[in-house]
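The values are calculated or read from the model by the stated rules, or taken from the named source; none is laboratory data. Nothing here was measured: the structure is a model prediction, and the numbers come from that model. Cβ: placed from backbone, ideal geometry, glycine included. Neighbour counts: every protein chain shown.
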């Protein structure tokens with residue numbers, strides 16, 4: 001499942017579902033949580049289930065409500081019969097939350113799960129546990145809104161736009177947890193839709209740091225995200241040259257390529273580049 005871009009769509013706005021599916025996003029996230037008012041949850045469930053039962057045209061996740069809110073079972077009861085491609089779980093707190101979700105759904109009924117893994121203080125201490133449920137995961141992602149609210153932080157950003165130290169730590173821990181579990185590392189949303197240069201810089205930083213994809217809040221962001229997480233032709237050519245060099249010298253630990261020394265970490269990186277094509 002390629003997950004460079006994942007586009008949020010409010011679950012109570014079914015007139016937007018087809019447009020989101022046609023946006024070019026690798027997946028859409030039909031939302032039952034924050035973007036849907038409590039009195040419209042039932043309508044949103046039915047709208048999502050009806051759309052999923054039709055011709056989707058793209059990979060579709062559903063973000064259910066948090067486990068502690070008492071609405072997750074109702075979400076699953078309506079959504080799962082329509083066979084979504086994945087479930088996004090907000091306010092997840094490690095493997096225990098994945099197992100709790102599985103119990104609510106019934107064993108073997110859940111599609112791959114994408115936890116939002118940093119929305120509570122306790123969640124940060126459970127990130128390593130996702131390794132034990134890696135076979136149930138589509139990836140790991142994080143959020144920059146609920147966590148600061150839960151600890152009383154007054155801002156997530158420095159004056160120059162960088163994340164504050166606590167928020168940056170949550171981002172980094174999610175990145176490492178995803179790679180430790182061997183699943184996709186999905187960066188959080190960029191909140192502005194009128195700053196495409198800033199978005200491109202944000203995407204570039206995410207890929208540089210090791211994220212493999214990113215969430216989006218508007219279709220206008222999708223092309224920049226897809227482009228930023230797609231290797232350039234030059235990167236692909238170099239990666240193939242590295243792989244070919246080691247294939248031709250299977251016993252070598254270090255080789256010379258284009259005047260530079262390469263070793264096994266370069267091979268691993270080259271394989272990641274080729275896997276992202």
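Of all the listed residues (241, 201), the sole one being in contact with a strand residue (DSSP E or B) (Cβ under 9 Å, 6 or more places away or on another chain) and in a helix (DSSP H, G or I) is 241. For residue 218, the test of being closer than 17 Å to residue 145 by Cβ and out of contact with any helix residue (DSSP H, G or I) (no Cβ under 9 Å at 6 or more places or on another chain) is passed.
Would a scan of the range 57-64 turn up a residue that is out of contact with any strand residue (DSSP E or B) (no Cβ under 9 Å at 6 or more places or on another chain) and more than 28 Å from residue 4 (Cα to Cα)? Looking through the range 57-64, none of the residues is out of contact with any strand residue (DSSP E or B) (no Cβ under 9 Å at 6 or more places or on another chain) and more than 28 Å from residue 4 (Cα to Cα). If you go through the range 73-109 and keep only what is part of a loop (DSSP other than H, G, I, E, B) and surrounded by fewer than 19 Cβ atoms within 10 Å (Cβ to Cβ), you end up with 83, 85, 106, 107, 108, 109. Annotation: residue 198 fulfils all but one of (1) surrounded by 14 or more Cβ atoms within 10 Å (Cβ to Cβ); (2) within 18 Å of residue 162 (Cα to Cα); the unmet one is (1). Inside the range 208-222, residues that are surrounded by 15 or more Cβ atoms within 10 Å (Cβ to Cβ) and either in a helix (DSSP H, G or I) or without any contact (Cβ under 8 Å) to a residue 12 or more places away in the chain (or both) make up a count of 3. Within the range 15-34, restricting attention to residues that are modelled with pLDDT of 95 or more and assigned to a loop (DSSP other than H, G, I, E, B), which residue is surrounded by the fewest Cβ atoms within 10 Å (Cβ to Cβ)? Ranking the candidates gives 22 first. Of 225, 217, 193, 186, all but one fail to be closer than 24 Å to residue 131 by Cα, under 25 Å from the mean Cα position of the chain (by Cα) and modelled with pLDDT of 85 or more; the exception is 186.
What do you reckon, is residue 163 surrounded by 14 or more Cβ atoms within 10 Å (Cβ to Cβ), touching a strand residue (DSSP E or B) at 6+ places or on another chain (Cβ under 9 Å) and more than 19 Å from residue 124 (Cα to Cα)? So residue 163 fails the test.
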